[in-house]
Amino acid sequence: MPKKNWKYKTTARKYLAFPEINSQLVEKYCNLFSIDVYHLDKDIQELSGGEFVKIELVRTLSLDTEILILDEPTNNLDNRSTEILSDVLNELSKSKIIFLVSHDKRLDKFSDKTIFIDQGQAEVSPLIELEEAYVEAQKKEICIEKKNIPISA
C-alpha cells in the first residue's frame, strides 16, 4: 500500500479503475469506508491524508490477492475507519495471509502472530515457533550515494 506521493493528475475514480481490480469489491469497500461520488470525482492530489488512505485501502483490498502487505494502513484514519479496517482484516485473515506493519495500538487485537520490536529486541508471540522468544536485532549497513550507513533491523 503506497504512501500519499501520487504525482499524476487523475480522479480517485480513475485511480481505482485498475485492470486487475474486482469492481464489486471496489463498490463494497467504497461503501464501507464512506467513499461517495464527491470523493471519487475529486482529483487524487486534492484528497486529505485520510481520504487518500481510504482510497488506497479500497484499491489494495479490491485487488483480491492471496497475500496482503500493509505498512501503517491506519495513518491519517479516524477511529471509526480504523475499526472498519480492523473488522475487514479480521474477516480477510480467515482466507488470506496478512502482513501488517503498524505502530497503531488500535490494531493489536487483530493479530494472532506478532513480532514486537523495541530498542533492538524482538519479542515473538508464542504462536510463532522459534527457539527463543527474544531475538537480538542484527546490525546492518545500507549504501546511499556511496556512503555506508549503519541501521538496526
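The values are calculated or read from the model by the stated rules, or taken from the named source; none is laboratory data. Owing to the predicted nature of the structure, the values given are computational and were not obtained by experimental measurement. Methodologically, a virtual Cβ is constructed for each residue, glycine included, from the backbone with ideal geometry; neighbour enumeration extends over all protein chains shown.
Summary table
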item	result
Restricting the range 29-41 to residues that are in contact with a helix residue (DSSP H, G or I) (Cβ under 8 Å, 6 or more places away or on another chain) and more than 18 Å from Asp78 (Cβ to Cβ), the residue that is surrounded by the most Cβ atoms within 10 Å (Cβ to Cβ)	Leu40
Every residue from the range 4-39 that is at pLDDT below 95, of a type in the set (A, V, I, L, M, F, W, C) and assigned to a loop (DSSP other than H, G, I, E, B)	Trp6, Ala17, Phe18, Ile21
Number of the condition not met by Ser125 [criteria: (1) at pLDDT below 65; (2) surrounded by 11 or more Cβ atoms within 10 Å (Cβ to Cβ); (3) touching a Lys or Arg at 6+ places or on another chain (Cβ under 7 Å)]	(1)
Those residues of the range 42-80 which are assigned to a helix (DSSP H, G or I), closer than 18 Å to Val101 by Cβ and of a type in the set (S, T, N, Q), in sequence order	Thr60
